[in-house]
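S.K.: Structure below; questions to follow.
The values are calculated or read from the model by the stated rules, or taken from the named source; none is laboratory data. The structure displayed is predicted, hence computed values, not measured ones. Here the Cβ positions follow ideal geometry from the backbone for every residue, glycine too, while neighbour counts run over all protein chains shown.
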Amino acid sequence: MLWLSEFSYFFCPSRIRLSNARHAGSTRCLPRLRETCPGYDRKGETKPANAYLERPATLSLLPNVQGDRILDAGCGAGHLTTELTDSGATVVGVDVSHTMLTYARPRVPTGEFIQADLGSTLPFPDNSFDGIASSLAFHYVRDWNSLLRDLRRILSTDGWVVFSVQHPHADFEEYDDSVNYHETEQVTATWESFGMAVDVPAYRRPLSAMIEPALDAGFQLDELLEPTPTEAYREADPVSYEYEATHPNFLCVRLLISI
Ligand SMILES: C[S@@+](CC[C@H](N)C(=O)[O-])C[C@H]1O[C@@H](n2cnc3c(N)ncnc32)[C@H](O)[C@@H]1O
């Protein structure tokens, strides 16, 4: 699975450009991708789908984090971590990818970064964080019941979770082999933007399979956004803007602990 963690970063932001196949073939060319694409960690700063669609929506769901201790779950190269620290939070970033953490550390020198798998029990005691933020990482985790229970465990009693994922309707439309919306299934996107095919697995699930594990773990749904692109997106990429303005791409959610 190491290759997934190293390369999944490319996947979401370009998702609508991908040719998708649930049972796609080998993971050929993976070692070369990083070598041939230096600086890929910077793409998240400027890609319109990130910078002018998903990230503003996710940030809009955050409460005031000044002085709070926040977990950035699936922090990648540290883009969301930067926003959180700039807003006055103390941030711990976790990511399964060692490579991503090597990008995140210099980007956010004040952050603490730990290699950890969101699919396993996280290496933190109970009540460790005031809030948990996660941008475009949860759809790589198979078991959301365990994930949400563990996030609830490490949160303080008035804590919150803000996360974004790929939109369930978009996933169902875009994965060619998906025939039953109501199933949770492993899917594979073949990413071709760098002139070579890279297969990246993730988990496609219906909306109910995103919300029910959260409710079962002791959260309440506080807000849900299906973001549309900002004007800055239109200026940066007018053609994609028209598509993004009329098709759901991301889902952004705020959970609070149930009283
Ligand atoms: C699309 S990137 C998003 C990165 C970052 N949150 C951002 O907004 O720029 C997804 C990240 O999730 C990480 N990831 C994937 N599966 C993971 C897992 N099981 N545990 C922790 N991180 C994971 C990947 O390594 C990658 O850095």
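S.K.: One residue is enough: does the stretch 237-250 have a residue meeting the conditions touching a strand residue (DSSP E or B) at 6+ places or on another chain (Cβ under 9 Å) and of a type outside the set (Phe, Trp, Tyr)?
M.R.: The answer is yes, given that some residue of the stretch 237-250 is touching a strand residue (DSSP E or B) at 6+ places or on another chain (Cβ under 9 Å) and of a type outside the set (Phe, Trp, Tyr).
S.K.: For the stretch 66-98, which positions are more than 9 Å from the ligand (Cβ to nearest atom) and in a loop (DSSP other than H, G, I, E, B)?
M.R.: Within the stretch 66-98, GLN66, GLY67, ASP68, SER87, GLY88, ALA89 meet the criteria.
S.K.: Now a separate question. Please go through the stretch 72-127 and give me each residue that is small (Gly, Ala, Ser) and at pLDDT below 95, ordered by number.
M.R.: SER97
S.K.: Please count how many residues of the stretch 223-259 are among the basic types (Lys, Arg) and under 19 Å from the mean Cα position of the chain (by Cα).
M.R.: Of the residues in that region, 1 qualify.
S.K.: Which of the numbered conditions does GLY119 fail, given that it passes all the others? Conditions: (1) within 14 Å of the ligand (Cβ to nearest atom); (2) within 22 Å of ALA57 (Cβ to Cβ).
M.R.: The single condition GLY119 does not satisfy is (2).
For every residue, the table says whether it meets (1) more than 22 Å from ALA137 (Cβ to Cβ); (2) at pLDDT 95 or above; (3) in a loop (DSSP other than H, G, I, E, B).
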residue	(1), (2), (3)
THR188	no, no, no
MET196	yes, no, yes
TYR203	no, yes, no
ALA209	no, yes, no
ALA214	no, yes, no
ALA232	yes, yes, no
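S.K.: Counting only residues that are crowded, with 18+ Cβ neighbours inside 10 Å and among the acidic types (Asp, Glu), which one in the stretch 151-181 is nearest to the chain's Cα centre (by Cα)?
M.R.: Among those residues, the one meeting the criterion is ASP171.
S.K.: Could you please give the count of residues in the stretch 146-192 that are touching a strand residue (DSSP E or B) at 6+ places or on another chain (Cβ under 6 Å), polar (S, T, N, Q) and closer than 18 Å to LEU221 by Cα?
M.R.: Matching residues across the stretch 146-192 total 2.
S.K.: Could I ask something else about it? Could you count how many residues in the stretch 99-111 are near the ligand (Cβ under 10 Å from one of its atoms) and of a type in the set (Val, Ile, Thr)?
M.R.: 1
S.K.: So how many residues does the stretch 122-144 have that are more than 9 Å from the ligand (Cβ to nearest atom) and in a strand (DSSP E or B)?
M.R.: Of the residues in that region, 4 qualify.
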